[in-house]
Amino acid sequence: MITIRDKNFVPLIEADAIQARIQELAKQINQEYAGKQPLLVVVLNGAFLFAADLAKHLTIPCEITFLRVSSYKGTESTGQLKEILGLTESITGRDLIVIEDIVDTGKTLHDIYNQLQTHNPTSVAIATLLYKPAALQEPIDLHYVGFEIENKFVLGYGLDYDGLGRNTPDILVLE
């Protein structure tokens, strides 16, 4: 058990299982994007570890850029997307793979997807490490899903609780 601020967290997904699943996702992306050069659009802050480990296993030529958004305060989603840092390069005519740490309500990703579509990319695929189907409020097409989990608050491996816990190698769940 790990305590962060006033909350206790217990293991949910171990680091070895995370790495094995990332390798499987990378293999699938390598096959589906053979002959293409996608732009990986990493949603900060949470997806940075997932994106880095995924990129290490991609053998296709690809570029990486970052988009920073926020919709959480504490353990609750505010439901409102705040774009903090946007794209600086043109995405028109590009194949995009949006890399997200977790999809729960889907509202943030839905807004990101709609914003990206206004720039006329060739395609937009979504890769998420974690997916909470029971929490989904906005329909979203997820192309690559690491793990489906229950609708409980999680942290570790990039996910945080009030800015802390991102550096935990496992994914932990609120006790």
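Bear in mind that the values in this text are calculations on the coordinates, not laboratory data. No experiment lies behind these values; they were computed from the predicted model shown. All Cβ positions, glycine included, derive from the backbone under ideal geometry; neighbour counts span all protein chains shown.
For (1) buried (at least 17 other Cβ atoms within 10 Å of the Cβ); (2) touching an Asp or Glu at 6+ places or on another chain (Cβ under 8 Å); (3) touching a residue at least 40 places away in the same chain (Cβ under 8 Å); (4) of a type in the set (Phe, Trp, Tyr), each residue gets a yes or a no:
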position	(1), (2), (3), (4)
Ile102	yes, no, yes, no
Thr105	yes, yes, no, no
Leu116	yes, no, yes, no
Lys132	yes, yes, no, no
Pro139	no, no, no, no
Glu150	no, no, no, no
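Matching residues to (1) among the basic types (Lys, Arg); (2) part of a loop (DSSP other than H, G, I, E, B); (3) in contact with a helix residue (DSSP H, G or I) (Cβ under 7 Å, 6 or more places away or on another chain):
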site: Arg21; (1), (2), (3): yes, no, no
site: Gln28; (1), (2), (3): no, no, no
site: Gln31; (1), (2), (3): no, no, no
site: Gly35; (1), (2), (3): no, yes, no
site: Gly46; (1), (2), (3): no, yes, no
site: Ala51; (1), (2), (3): no, no, no
site: Thr59; (1), (2), (3): no, yes, yes
site: Phe66; (1), (2), (3): no, no, no
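Going through the range 118-149 one residue at a time, which ones are among the acidic types (Asp, Glu), under 26 Å from Lys27 (Cα atoms) and not in a strand (DSSP E or B)? Before you say what the answer is, go through the steps one by one.
The initial filter retains those residues of the range 118-149 that are among the acidic types (Asp, Glu), namely 138, 141, 148.
Now narrow it down to the ones that are under 26 Å from Lys27 (Cα atoms): 141, 148.
Passing the criteria: only Asp141.
Kindly indicate the residue of the range 152-173 that is of a type in the set (Gly, Ala, Ser) and assigned to a loop (DSSP other than H, G, I, E, B) and also surrounded by the fewest Cβ atoms within 10 Å (Cβ to Cβ) among those meeting that condition. First the steps, then the outcome.
Kept after step one, since they are of a type in the set (Gly, Ala, Ser), are these residues of the range 152-173: 156, 158, 163, 165.
In the following step, the residues that additionally are assigned to a loop (DSSP other than H, G, I, E, B) were identified as 158, 163, 165.
On the way: Gly158: 24, Gly163: 9, Gly165: 20.
It comes out as Gly163.
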